[in-house]
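Working notes, beginning with the structure itself.
The values are calculated or read from the model by the stated rules, or taken from the named source; none is laboratory data. This is a predicted model, so every value here is computed, not measured. We place every Cβ from the backbone using ideal geometry, glycine too, and count neighbours over all the protein chains shown. Heavy atoms of the whole protein, side chains included, go into the accessibility calculation; ligands, DNA and RNA do not. Shrake-Rupley method; radii C 1.70, N 1.55, O 1.52, S 1.80 Å.
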Amino acid sequence: MRAGLPDGVCVVDFAPLADSKLVPTALASALGIGVVSEDPLPNLVALLRNREMLIVLDNCEHVIDTAALLAESLLRGSTKLRILATSRESMRVSGEILFRLAPLAMPEVSDVLTAPIAMTYSAVQLFVERAAMCLGEFSLTDAHAPAVANICSHLDGIPLAIEMAAGRVDAFGIAGLADVLDDRFRLAMRGRRTALPRHQTLSTTLDWSYQLLPETERLVLRRLAVFAGLFTIPEATGVLADGGGADNQSLESIANLAAKSLLVVSLETPVVTYRLLETTRAYALQKLEESGERAAYARRHARQCLTAMEAANTAWETSRPETWLARHRHLIDDVRAALDLSFRTEDEGATAVALTVAAVPLWYQLSLLSECYQRACHALRLPAAARSPTQEMRLYAAIAWCLMQIKGFVQETRDTWTTLLGLSRDNNDADHQLRALWGLWAARVSEGALRTALALAEEFSFLAQQTSELDRSVGDRMLGHSLHLLGEQAPAREHLERMLANYAPPVTGAQAMRYIFDQRALARCFLARISWLQGYPDQAMGIARDVTNDERTRGDALSLCQVLVQAACPIGLVVGDLVAVEEFVAELIELSVRHDWHFWHAFGSCFHSVLTIKRGDLRVGLDLLEEALSGLRSIDFGVHYLYFLCEYASALGLAGHTDRGLDTIEQAIARSDRNDERWCIAEVLRIKGELLHRQGKFDGADAALATARAWAERQGALSLSLRIATGSARLWQDMGRAAPARAELTAVCGRFTEGFGTADYRNARAVLDGLNPEVARRSAT
């Protein structure tokens, strides 16, 4: 700016002033003007009237009224003068333009943060620069990047705090500094010896601001420190007000604290929210402790959190999930703080239980399933007198559905659903009875007890006749799912199509959470599977792609995992679209790792292994699949176990281990017989036939393929009939029966109306061309 300031720049620091009357005198001294009157302001205005210069008024907060009068008087007297003032609060004078100095930019704290990415943020750059000055030399490594980001985050991106922390690296190291950076250490960290006294420690810096506050604002500041995260005006007054309502003094104090930069205001949320910077909160909590009010206001805070979450639960019944989350996600940090207090306070058990129950939708929407599970288990360990029967059922329901995603259908999951079913029957609660039947049905499906699952689906559907259209639609989906796995594809399709015709998508959060996953999406998944089996591979892949894209758009990570596992990955593999499968598998694994969902990661590992085999890396793929199958067994198999056994057996045959392949396929047959799991029995027997063919046991292979053919035709599984006819054609050609081989394969291929670009159809045409003497003769020449 100097080129446009012919009269230069004058800087005046008001920090040393103890008397606001000396403000004009301080400016006069900085300008080198002698003061000969008690009020030098008129002379300053006259002197500066024609000056083209910049005047910097630094540290105005403790003399704000006099500094504001000075600035406004100077600007009225001159059109050429410019003033830059620094202060904790605005001057509120005519012509003032506010620029709020934000904290330094900080990266998101992440274990995978790298040094190059971290160094693009100013907070990290300052830390590294000051650490190098302290140590002589220092450069950031990938190993230290997450810890440095964490340090900067704890220090709110405040330059003074970052400088102080970096200056202690020589004593503690990076990791050690991150570990010791608690509230007391932060406030006691010392800066440079030559710094101003109020910049020697963060505590003295905050003392400076705190002492400038009137007592009413000090009281409000320290009491607001019980909030761990963002809060709204109603939530703040719920803690502050003795009578339960907002009082004008509290509201005025909050507004003033925000104006003085002691509260951070966020206008990006649907409702304006406020928060204290971590360092400010640590200081204010110390003051609250010293006042003897901390325990009392922590309890007030816990009860206010319960009030806020109960109001949020009421809104959950009528709001769209994404709208609800945008309005209430800020509560999560305070819910945690309130639960920590309530769980460890003997007479707050009822508050702890009620708050845990009320927070379940918030954990669900934020995909914090492990946290939800742990808190709900803790609530159930409290004395029974702390909870009502309805609260107990809601806690068991929350634990059970969290377990489904975290651990899979292990014994603990099944036992929890069974307990919930008993409680719901004892209390004649149809809502929780339906949830328990749904959960037990899913558990039985996963473990392969398909006839039991079908009976549970029928019981669910009967009870749902008395409740809602949503429940009746879900009952149809459960029946269609069960019948599909039992190999009854035609009735399964009828139930799924009826469900899709009658289903009204959930509008509110409560409706969406009732059965966790997007029920329409799951029905479409199984319709895609049936479509492929019935000989419509293009339709199947189209449905799989559409439903996957829809779930990506919806942003529901759990439903997206379901869709990837139930349709996108398996359909992509059976049609041979390996490029799409690679994308689907990568997404499934990334989601499962991000959310720490071991259940879904087990499936992702299996699909990744099969993809590796399909791409031709047999040795690596087999090793991966063997390990992945072990992971799948640890979650009690899951519905795809039979499919993965088939892929494993087939790959063993390709690798020359036909004996091991046959042992594996016998396990698959035994499982299919034991569970009546017939949806891919034709495929199981086809692979058995091909393995026997590889061993030269033509009669055994022919018998296995004949049985497979009968199953496929009985189920209307045209895509499996194509695979079987292709395998039979190869076998019969080796047995000298080329003509019947050609006739059968030609007939099966002729039944297709689409899917001519799939791997199976191209493979069948290649075999058929090899059986055609004319084509074979042309190929030879």
The one condition in (1) within 26 Å of residue 492 (Cα to Cα); (2) out of contact with any Pro (no Cβ under 8 Å at 6 or more places or on another chain) that residue 574 fails to fulfil: (2)
Cβ pairs under 8 Å, 6+ apart, first in the stretch 125-141 and within 9 Å of residue 166 (Cα to Cα) and of a type in the set (Gly, Ala, Ser), second open to solvent by 80 Å² or more (accessible area, probe 1.4 Å) and in a loop (DSSP other than H, G, I, E, B): 132/139
Among (1) within 48 Å of the chain's Cα centre (by Cα); (2) open to solvent by less than 30 Å² (accessible area, probe 1.4 Å); (3) of a type outside the set (Lys, Arg) - the single one residue 763 does not satisfy: (2)
Boolean, residue 689 is at positive phi, of a type outside the set (D, E, K, R) and either crowded, with 21+ Cβ neighbours inside 10 Å or outside any helix (DSSP H, G or I) (or both): no
Helices (runs of 4 or more DSSP H) lying entirely in the stretch 510-594 (those with 2 or more residues that are closer than 23 Å to residue 370 by Cα, open to solvent by less than 20 Å² (accessible area, probe 1.4 Å) and not aromatic (Phe, Trp, Tyr)): 557-563, 578-594
Residues of the stretch 381-401 that turn out to be in a helix (DSSP H, G or I), open to solvent by 30 Å² or more (accessible area, probe 1.4 Å) and over 19 Å from residue 438 (Cα atoms), as a count: 5
Restricting the stretch 199-218 to residues that are aliphatic (A, V, I, L, M) and open to solvent by less than 50 Å² (accessible area, probe 1.4 Å), the residue that is modelled with the highest pLDDT: 213
Subset of the stretch 297-323 [small (Gly, Ala, Ser), more than 23 Å from the chain's Cα centre (by Cα) and open to solvent by less than 10 Å² (accessible area, probe 1.4 Å)]: 302
Failed criterion for residue 630 (all others in (1) open to solvent by 30 Å² or more (accessible area, probe 1.4 Å); (2) at pLDDT below 95; (3) within 30 Å of residue 490 (Cβ to Cβ); (4) polar (S, T, N, Q) hold): (3)
Wholly within the stretch 430-502, helices (runs of 4 or more DSSP H) carrying at least 1 residues that are open to solvent by 10 Å² or more (accessible area, probe 1.4 Å) and closer than 22 Å to residue 415 by Cα: 430-447, 450-464
Residues located in the stretch 706-722, provided they are among the small types (Gly, Ala, Ser) and either in a helix (DSSP H, G or I) or more than 44 Å from the chain's Cα centre (by Cα) (or both): 706, 708, 710, 712, 719, 721
